[in-house]
Each structure stands twice: as structure tokens, then as C-alpha cells.
Amino acid sequence: MKQLFIALSLFAAAFAFTAPAQAESQDECAIWICLPGGFPSGCGAAHSAMVDRIKDFKPPLPSFSSCAVNPSSGTGSHMSSDHGWAAYIPPHRVCRRTAFASDRCSSWETIPEHYVKGSRCRWDFREGGRSPSGCTRSYRFAEVFVDNQLAGPTYYW
């Protein structure tokens, strides 16, 4: 994780002290820095830029090459992103064992909330339930990677 922080810090320093990027705006390029931290204080303009991109049916992040100072240099860290839909499954209990000769549950397990990336929550008319099972709604997500490692938690909205 320390390497990811160092790579993001180096990118931020290069971003802050160089000529203007080729992306549509500096705020859009700041999405690369702010998204892995969940848009902390000082990242309001980057968050607004991401919302504007989404409203305009663009990917949540601009291409990294349009923000990089020297994208073809071949040195330093490689940054990439992923985005799409995810089905949200809230926390729920599942019966793991029934009492002997009874339909009563004797052992419960709580399954924590989670997301199924690459899937939307849909009503399955054939099975008569939701697909994926237990989902309640769909969210969009975005992630930033440094050298193919997730740079921070996945951002859902």
C-alpha cells in the first residue's frame, strides 16, 4: 500500500507543477488523484467534474494519457481505471443448519453487504426473484489502479 501512496504522491506532484494537461480540464485530471480517496476535502471540483462527465455520458475518468505530463516516457508507474455497474446485496442472514427432524434453523450466518461488479440488479421473471440473488438495487462504480493494484477503495454511486 505504501508503494501505491508513493506513486499517487509522485503523480500529484508532477500534475501540480507542470504545464496544463491535454484533458478537457485540470479538474477532470484531478479525478485520478481524488477518486481513490473517496473525494476527500479539497476534491469538490474533481467530484463535480466527474458528475459532469457522467451526465454527458462519458466515462467517469478522462484517459490517463490526456492527463500525464509525459505519457510515452515509459518510466514511473502505470495508472489505469475500471468502471461499470454493480448489483448491491445488503447484509442478510442465511440458515446454515436446521435442527434435527425439524424445519427450524439452529445455526444462522450473517452475510455482509457486498457488490457484484459487472451486473445490474434485475427482477428475474423465470425464477421469480432478483438476479443476482438478494440484490436490492444497481450502482455504478469506478476504480483507479497503480501498476495493476487497486489504489484505494472502489467508489460507488
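The values are calculated or read from the model by the stated rules, or taken from the named source; none is laboratory data. Nothing here was measured: the structure is a model prediction, and the numbers come from that model. Neighbour counts are summed over all protein chains in view; Cβ atoms, including those assigned to glycine, are modelled from backbone coordinates with ideal geometry.
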Subject >> Neighbours by Cβ (under 6 Å, 6+ apart or cross-chain): first from the stretch 139-157, without any contact (Cβ under 8 Å) to a residue 40 or more places away in the chain and under 16 Å from GLY118 (Cβ atoms); second assigned to a strand (DSSP E or B) and hydroxyl-bearing (Ser, Thr, Tyr) >> reply: none
Original post:
Which pairs do you get when a residue that is within 14 Å of ALA87 (Cα to Cα) and outside any loop (DSSP other than H, G, I, E, B), found in the stretch 110-134, comes within reach of a residue that is hydroxyl-bearing (Ser, Thr, Tyr) and modelled with pLDDT of 95 or more, reach meaning Cβ atoms under 6 angstrom, with the pair 6+ apart or on two chains?
Top reply: TYR115/TYR88
**OP:** Determine which member of the set GLY118, GLY128, GLY134 is modelled with pLDDT of 95 or more and on the phi > 0 side of the Ramachandran plot.
**Re:** GLY118
Original post:
Restricting the search to the stretch 135-157, which residues are touching a Cys at 6+ places or on another chain (Cβ under 6 Å) and either assigned to a loop (DSSP other than H, G, I, E, B) or among the charged types (D, E, K, R) (or both)?
Top reply: CYS135, ARG137
Original post:
Can you find even one residue in the stretch 65-79 that is at pLDDT 70 or above, over 17 Å from VAL146 (Cβ atoms) and either among the small types (Gly, Ala, Ser) or under 16 Å from the mean Cα position of the chain (by Cα) (or both)?
Top reply: yes
Subject >> Conditions (1) closer than 24 Å to LEU35 by Cβ; (2) in a strand (DSSP E or B); (3) β-branched (Val, Ile, Thr): number failed by VAL94 >> reply: (1)
Original post:
Quick one: ALA12 ticks every box in (1) in a helix (DSSP H, G or I); (2) at pLDDT below 95; (3) of a type outside the set (Ser, Thr, Tyr); (4) crowded, with 19+ Cβ neighbours inside 10 Å bar one, so which box is it?
Top reply: (4)
Original post:
From the list ALA101, ALA46, which residue is over 14 Å from the mean Cα position of the chain (by Cα) and on the phi > 0 side of the Ramachandran plot?
Top reply: ALA101
Subject >> Of all residues making up the stretch 120-151, the number that are of a type outside the set (A, V, I, L, M, F, W, C) and either under 14 Å from the mean Cα position of the chain (by Cα) or under 27 Å from SER65 (Cα atoms) (or both) >> reply: 7
